[in-house]
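Peer 1: The structure follows.
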C-alpha cells in the first residue's frame, strides 16, 4: 500500500515504520484474540520484514538511516501485540 502511494504521489511517506508496526501489532492482537509476549515477537518480526520490503521497494536499497524506521516498526508492533 505504501509502495503504491509512493508510485502515484511521487514522494516518500516518512512514517512508514510506524504505520507498518502499528498495523502488524494490531492485526496480530486481533487475530490472536488477545496479546502476549510471543505474539509480540511474531508481530515485531512481521513488522521488520514488511518495513524492510517496503523501504527496499521505494529506495531500491536499504539506506543506513532507514534502520531507525525498522527499529521503530519492531518496537511499535511488539508493544501493541504484547499488551
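Peer 1: Quick check on my filter: what residues within region 38-83 are over 14 Å from residue 16 (Cβ atoms), assigned to a helix (DSSP H, G or I) and at pLDDT below 90?
Peer 2: Answer for region 38-83, where residues must be over 14 Å from residue 16 (Cβ atoms), assigned to a helix (DSSP H, G or I) and at pLDDT below 90: just 64.
Peer 1: Moving on to the next point. Condition first: surrounded by fewer than 22 Cβ atoms within 10 Å (Cβ to Cβ) and either within 23 Å of residue 4 (Cα to Cα) or without any contact (Cβ under 8 Å) to a residue 40 or more places away in the chain (or both). Now tell me which residues in region 71-83 satisfy that.
Peer 2: Correct list: 71, 72.
Peer 1: Of all residues in region 46-65, which are without any contact (Cβ under 8 Å) to a residue 24 or more places away in the chain and either within 26 Å of residue 29 (Cβ to Cβ) or under 8 Å from the mean Cα position of the chain (by Cα) (or both)?
Peer 2: Scanning region 46-65 gives 49, 52, 53.
The values are calculated or read from the model by the stated rules, or taken from the named source; none is laboratory data. Keep in mind the model is a prediction, meaning the values are calculated, not measured. As a convention, Cβ positions derive from the backbone with ideal geometry for all residues, glycine included, and neighbour counts pool all protein chains shown.
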